[in-house]
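Each value in this text was obtained by applying a stated rule to the coordinates, not by laboratory testing. Since this is a predicted model, take the numbers as computed values, not measurements. Cβ placement follows ideal geometry from the backbone for every residue including glycine, while neighbour counts extend to all protein chains displayed.
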Amino acid sequence: MKLKCLGCEALARIIYLCAARSPHLIDVELFQLGLHREPADLRVRLQARIDATVGKGYDALVLAYGLCGQTTAGLTARDTPVVIPRAHDCITLFLGSRARYQDQFENRPGTYWYALDYIERGEGSGTTLSLGSKADTDIRSVYDEYVEKYGVDNADYLMEVMGAWQDHYKRAAFIEMGIGDSTAVESKARDQAASRGWTFERLTGDLVLVRKLLGGDWNADFLILEPGQQITMTYDHDIVGCRESQAQEVREHE
């Protein structure tokens, strides 16, 4: 098959590795880290690139994204199928399964997440990994505002003086994917955990979801949109579902 992959820089090494190992021909296009903070804008960007693949001869377009704050909800397949993992966000893709993500979300809330590509590519921008609860979103917004106004060091100082980190986070978790030298990022995670009074945990990541996505092994962990269908949020274990796009419905009733 000839596939087009649209993905986030947070997964850069993983995507490139799995694309290289895939039996299929894959064109990769990555989007800048942090765009998910404006879901409506990123949705427009992604749809534009989906639209641009029309007539290009792809067998499918695969999205290395999760729901990501409803960023992908509303995306519509055009002339080829679109495949997306059933995932809330990229942390599911790092951990390798919905079940493992749910276990972390339920049993270890208040976690500040670290992963190599995410931290390297987001360095100095205030971008962090988060499980996506409203409290985490609010505290990230405050931190991002401080970074923009005062710089990273001063933003960290202000957050610590106000006790904001301690109010929202209890643990630092580093996800080791086994790709690239993660020594510096893991050390940073450990140091920040110690300075903020958090526990630290090192988790082993799993490439399985991204490997299957790029390998064409689309089982129940993936949603496959047929041309004319649109991604919806399901509010259940499936995370994402599909419906006919409004434009498609109009054409069918004409």
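Points worth noting:
- Residue by residue, the stretch 58-65 carries 3J(HN,Hα) couplings of 7, 7, 6, 10, 10, 9, 8, 9 Hz when phi is fed to the Karplus relation 6.51 cos²θ - 1.76 cosθ + 1.60 (θ = phi - 60°); x denotes Gly or Pro.
- The H on the amide N of Ala172, modeled in the peptide plane, is under 5 Å from the matching H of Tyr112, Thr199, Phe200, Glu201, each at least 5 residues off or on a different chain.
- Among the listed pairs Lys56/Lys188; Lys149/Lys188; Lys56/Lys149, those with a Cα-Cα distance over 32 Å are Lys56/Lys188; Lys56/Lys149.
- Extending 7 Å from Cα along the Cβ direction at Asp181 and again at Asp79 yields two label points whose distance is 4.7 nm.
- Our coupling estimate for the stretch 228-238, obtained by passing each phi through the Karplus curve with A = 6.51, B = -1.76, C = 1.60 and θ = phi - 60°, is x, 8, 10, 6, 10, 8, 9, 6, 9, 4, 6 Hz, Gly and Pro reported as x.
- Amide hydrogen proximity for Arg78: with H placed 1.01 Å from N in the peptide plane, the residues at 5 or more positions away or on another chain lying under 5 Å are Gly228.
- Near Leu93, once Lys and Arg are set to +1 and Asp and Glu to -1 for all other residues with Cβ below 14 Å from its Cβ, the sum equals +1.
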